[in-house]
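Below is one structure, written out as structure tokens; the observations come after it.
The values are calculated or read from the model by the stated rules, or taken from the named source; none is laboratory data. Model, not experiment: these values are computed from the prediction. Glycine gets a Cβ as well: all are built from the backbone with ideal geometry, and neighbour counts include every protein chain shown. Heads up: the accessible areas ignore ligands, DNA and RNA and are worked out on the full protein's heavy atoms, side chains in. Shrake-Rupley method; radii C 1.70, N 1.55, O 1.52, S 1.80 Å.
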Amino acid sequence: MTNDSQPRTQWLGRWGFVLAATGSAVGLGNVWKFPYMTGEYGGGAFVLVYLACILAIGVPVMMTEIALGRRGRGSPIDAIRRVTAESKGASAWSLLGWMAMLCGFMILCFYVVVAGWSFSYLWKMLTGGLAGSSVDDMAAIFGANNANPFNLGFWSTLVTVATMVIVGKGVQAGIEKSVSWMMPGMVVMLVIMIVYGAFSGGFGEAVQFLFAFNAGSLSSEGMLAAMGHAFFTLSLASGAILTYGSYLPRHASIGRTTLSVAVADTLVALMAGLAIFPVIFANGMEPGSGPGLIFMSLPLAFQAMPMGTLFGVLFFVMLSMAALTSSISMVEATVSWLTDNKGISRRTASWGIGIVLWVISTLAMLSFNVGADWTLAGKHFFDWLDYLTSRWMMPLGGLGVALLAGFVLNSESVREELGLSPAVHALWLFMVRYVSPLGIVVIFLDALGIATLEFGVQWPWLLLALAVITLIGELASPRLMRTLSA
Ligand code: TRP
């Protein structure tokens with residue numbers, strides 16, 4: 001347990017938290033996962049649901065997590081336990097902290113493999129391994145890169161070691177500084193790619209694909225995927241933001257901070273889409289090509305553009321850095337729990353986690369080669385890690401966080417911690433009590449096939465249901481609060 005007389009580490013600069021949280025949020029999720037999922041789930045409608053989820057679920061849940069972290073001053077488990085105890089809530093709520101910590105770690109186990117792809121493509125760019133390749137060659141190169149477990153394992157091991165070295169050195173030392181130049185760098189690279197794309201012949205089609213709303217193209221599965229991705233991309237319900245919040249100084253504004261992070265994260269994702277899809281369409285590639293999408297498409301653009309090798313190298317440097325500033329945030333919750341509760345040093349904790357991580361991520365890495373046949377219900381171990389975290393654990397964790405803050409916690413302490421203006425506070429409360437939970441539940445029911453949502457047709461009913469539930473909730477909330485916190 002932390003010693004309360006000894007203040008917890010805090011971010012150094014005024015922008016420390018914003019930088020670190022942005023570093024956590026902006027990562028492979030934005031540049032690698034968002035485009036390939038958009039491609040897989042058919043474009044505009046997926047993007048729209050994703051944006052709606054960021055706004056209606058992601059932003060309120062993020063504010064709540066930061067507030068929980070700052071008030072509880074600890075790892076997700078300790079922070080939630082303390083904050084719930086302060087409001088005389090049931091101790092079982094700390095299970096949310098356990099799930100978050102586990103979820104962050106599970107994500108990390110496949111994230112290092114993808115970050116390894118980024119590093120290996122950086123190496124290929126530097127050594128000319130991608131020069132003069134055709135569209136078909138690109139697919140073959142991606143396949144060959146995966147096929148050799150020693151090659152792929154080398155890169156994921158490199159990422160594992162790099163992550164643990166940074167985490168071992170502590171919060172302030174590396175994170176704030178690297179994010180402050182990496183983020184602008186990433187944006188500049190994306191702008192260059194978008195400008196190139198604008199002249200490549202595929203731009204119109206790309207804009208159409210990303211932003212034209214085609215209701216028929218989105219499945220229930222796609223809606224759940226969009227919601228899960230909103231959690232993933234903001235690093236929610238997996239310990240990262242909550243733990244970073246625990247290092248946030250008292251006076252910082254949670255509302256403004258959250259908005260900056262969410263806006264930056266969303267912009268980078270949309271920019272990545274605008275950078276990648278023109279290349280896809282100009283080269284007649286399939287948008288639904290899956291996880292290899294950016295690795296098979298962007299190198300084609302680097303080949304064709306002036307100074308392409310330089311830009312390609314810079315791009316993969318940025319992407320690899322963005323991956324590292326995210327991967328370190330996934331370990332932070334566990335490290336902070338181990339150092340606070342088990343009395344071990346940050347360095348020992350990070351190496352201990354590193355060893356477990358290395359073993360499990362190696363198993364995930366093998367999904368692409370020797371373990372290609374090791375599937376359960378048609379999914380590899382790598383896919384299972386992604387599926388369980390994005391489709392189940394994060395949405396359920398987010399639901400728990402929203403309900404905890406909306407109905408269990410003492411409203412005075414929440415109000416004090418969030419420090420919002422009365423009108424914004426009321427809006428936040430409305431979101432975490434009704435809109436976010438209902439959104440999550442409806443998307444779940446839809447995906448499970450229990451209820452069907454159709455665009456256009458049933459939205460008015462949904463709004464009506466929301467109004468009714470709100471009314472009932474407001475009338476019953478004192479009783480509900482007593483029940484949930486019993
Ligand atoms: N948000 C990161 C991305 O988009 C992924 C990430 C970083 C993350 N930290 C996390 C996801 C913690 C969940 C939990 O790449």
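Per-structure values
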read-out: Rounded tilt (10° steps) of 16-25 against the dominant C-alpha axis of the chain; value: 60
read-out: Cross-link reach list, aspartates and glutamates versus Lys33, counting only Cα pairs under 17 Å and skipping chain neighbours closer than eight places; value: Glu221, Asp265, Glu286, Asp383, Asp386
read-out: In the range 319-351, trypsin sites (Lys or Arg not before Pro) in a DSSP loop with at most 12 other beta-carbon atoms within 10 Å; value: Lys342
read-out: Equivalent ellipsoid semi-axes, the range 365-450, via Cα gyration tensor eigenvalues times 5, rooted, Å; value: 38, 15, 9
read-out: Size of charge dipole - the range 348-458 - debye, nearest 20, with Cβ of Lys, Arg +1 and Asp, Glu -1, no other charges; value: 60
read-out: Distance between the range 269-343 and the range 181-242 - C-alpha centres, whole angstrom; value: 11
read-out: Dipole magnitude of the range 14-485, debye to nearest 20 (Cβ charges: Lys/Arg +1, Asp/Glu -1, about Cα centre); value: 1500
read-out: The chain - percent relative contact order, Cα under 8 Å, separation 6 or more; value: 33
read-out: Computed accessible area, Glu412, all protein chains, 1.4 angstrom probe, square angstrom; value: 110
read-out: Packing-based ranking, highest mean first, of 246-258, 73-85 given that Cβ atoms within 10 Å are counted; value: 73-85, 246-258
read-out: Selection from Tyr244, Leu158, Val468, by position along the positive dipole direction of the range 14-485 (Cβ); value: Tyr244
read-out: At R0 = 35 Å, FRET efficiency that the Cβ-Cβ distance of Lys88 and Val187 yields, to 0.05; value: 0.15
read-out: Nearest 10 degrees, 0 to 90: helix 44-53 Cα axis against the chain principal axis; value: 30
read-out: Alpha-carbon gyration tensor eigenvalues x 5, square-rooted, for the range 256-337, Å; value: 29, 15, 14
read-out: More than 25 Å apart - percent of Cα-Cα pairs taken over the range 136-264; value: 56
read-out: Acute angle (nearest 10 degrees) that the helix 94-127 long axis makes with the longest principal axis of the chain, alpha-carbon atoms; value: 20
read-out: Segments 274-287, 188-201, 214-227 sorted - mean Cβ within 10 Å per residue, highest first; value: 274-287, 214-227, 188-201
read-out: Overall dimensions of the range 203-343 as given by Cα atoms, namely Rg and Dmax in Å; value: 18.8, 57
read-out: Solvent-accessible area per residue, Å², over the range 14-485 with all protein chains present [probe radius 1.4 Å]; value: 38
read-out: Descending semi-axes in whole angstrom, ellipsoid equivalent of the chain, from the Cα gyration tensor; value: 36, 27, 20
read-out: Over the range 19-114, relative contact order from alpha-carbon pairs under 8 Å, at least 6 apart, %; value: 15
read-out: Nearby aspartates and glutamates by direct alpha-carbon distance to Lys88 (threshold 18 angstrom, same-chain neighbours under 8 apart not counted); value: Asp78, Glu412, Glu416, Glu417
read-out: Solvent-accessible surface ranking, highest first, for Leu259, Leu152 at 1.4 angstrom; value: Leu259, Leu152
